[in-house]
1. Under the condition of being acidic (Asp, Glu) and within 23 Å of TYR192 (Cα to Cα), which residue from segment 109-159 is surrounded by the fewest Cβ atoms within 10 Å (Cβ to Cβ)?
2. If you check LEU210, LEU238, LEU204, which single one turns out to be closer than 22 Å to VAL183 by Cβ and in contact with a Gly (Cβ under 6 Å, 6 or more places away or on another chain)?
3. Return yes when PHE152 is more than 24 Å from TYR90 (Cα to Cα) and at pLDDT 95 or above and no when it is not.
4. What residue, among those in segment 57-87 that are surrounded by 14 or more Cβ atoms within 10 Å (Cβ to Cβ) and among the polar types (S, T, N, Q), is farthest from LYS169 (Cα to Cα)?
5. Could you say whether any residue in segment 97-105 is within 20 Å of LEU43 (Cα to Cα), β-branched (Val, Ile, Thr) and buried (at least 17 other Cβ atoms within 10 Å of the Cβ)?
6. Any residue at all in segment 65-81 that's small (Gly, Ala, Ser) and over 21 Å from PHE159 (Cα atoms)?
7. Restricting the search to segment 88-128, which residues are of a type in the set (Val, Ile, Thr) and either closer than 21 Å to ARG64 by Cα or touching a residue at least 12 places away in the same chain (Cβ under 8 Å) (or both)?
8. Restricting attention to strands (runs of 3 or more DSSP E) lying wholly within segment 172-286, give those where 1 or more residues are closer than 30 Å to LEU149 by Cα and either among the basic types (Lys, Arg) or more than 25 Å from the chain's Cα centre (by Cα) (or both).
Amino acid sequence: MLYLPVKGDILMKEMVLFTLLLLFAVCLTPIFVHAKESLEEDLVSRFMPVNASLISPENPSSTRPIQFYDFDHDGQKEIIFTYKIKAKDYSSHFGSIVLKKHNTDWRKIWETKMQGVDLDFSGLVDITGDGTKEYLFCVTIGAAMGSNLEVFQWINNSFQKIAEVPYHKMDFVTGVQKVGLAVWQMYIGDSYLVDVLKWNGEKLIYNEELYSNYYPFIEKFYKEKISNLDAWFYWYCLADAQIKANKFEEAFKSIQKGIALAKKLSMEDVIEDFNDLTVRLQNKRN
């Protein structure tokens, strides 16, 4: 008897075939990704300094040690990779190298390096607002000294350092075209004085508008700290932020609370610091 497949049989076979093809593609994907990563690492190994190894930065999170970006907009992405050379003492040398393709081969066109204990940041951000991202490279020097950020702009097929900023914590603030930097400088323990910087065409300077936009994050940080420990140094840093954000009434209350805590501890020098904040507050109000 001649058997003719019905529509349901054909549909079932197509579903089985599709499932097998999907499983095959899923199984092959990690192989292709691994092969691509191996080719990238083989390429950068030709330019790796002696005794160096690839390292991913702490920030931005999940950033690989090898990044790609078309700085000169010629359709061919340049390669940026970060490395570490372990020193004999507790610190190490951290560096970044940029490779550019010339015809069919690659050449090293730029390198920077810094000594420290960790690679805190390696990434691309449009700081100047010119439509081309700047390269940001930052190494942590130590817990007390914090980190040192260098900002490089692509000019004439290479990088020029346009800014250098020390910090203990760093964040980004979105502005019109340009991206601002929120710089947290350690005050006492886990308290920080915060500034927000923006490129003015020549350098990074304090920007009041971006500071006001960022202020809610600072306030939230200190409200949480104070809820766990009612310490004068938290009130001092919060008052400093409130003055900068033109929160005058809130700043006055924070100063009074800080002074009261300092008086209980008989800390005359701290009371004087709060008095200086009061003068700053009065001057800005006027």
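1. Within segment 109-159, the first condition is being acidic (Asp, Glu), and the residues that meet it are 111, 118, 120, 126, 130, 134, 150.
Narrowing further to those that are within 23 Å of TYR192 (Cα to Cα): 118, 120, 150.
Numbers: ASP118: 17, ASP120: 22, GLU150: 19.
Top of the filtered list is ASP118.
2. Details: LEU238 fails: in contact with a Gly (Cβ under 6 Å, 6 or more places away or on another chain); LEU204 fails: in contact with a Gly (Cβ under 6 Å, 6 or more places away or on another chain).
None of the others qualify; the one that does is LEU210.
3. Numbers: more than 24 Å from TYR90 (Cα to Cα): yes; at pLDDT 95 or above: yes.
The answer is yes for PHE152.
4. It comes out as GLN67.
5. Here is the first cut: in segment 97-105, the residues within 20 Å of LEU43 (Cα to Cα) are 97-105.
Retained after the next criterion (residues that are β-branched (Val, Ile, Thr)): 97-98, 104.
Retained after the next criterion (residues that are buried (at least 17 other Cβ atoms within 10 Å of the Cβ)): 97-98.
So far as segment 97-105 goes, yes, one or more of its residues are within 20 Å of LEU43 (Cα to Cα), β-branched (Val, Ile, Thr) and buried (at least 17 other Cβ atoms within 10 Å of the Cβ).
6. Taking segment 65-81 and keeping what is small (Gly, Ala, Ser), we get 75.
From the residues that got through so far, the ones that are over 21 Å from PHE159 (Cα atoms) too are none.
For segment 65-81, residues small (Gly, Ala, Ser) and over 21 Å from PHE159 (Cα atoms): absent.
7. Here is the first cut: in segment 88-128, the residues of a type in the set (Val, Ile, Thr) are 97-98, 104, 109, 112, 117, 125, 127-128.
Within segment 88-128, ILE97, VAL98, ILE109, THR112, VAL117, VAL125, ILE127, THR128 qualify.
8. Details: elements: 179-186, 192-199, 204-206.
Qualifying strands (runs of 3 or more DSSP E): 192-199.
The values are calculated or read from the model by the stated rules, or taken from the named source; none is laboratory data. Not measured: the values here are computed from a predicted model. Please note: Cβ atoms are built from the backbone with ideal geometry, for glycine as well, and neighbour counts cover all protein chains shown.
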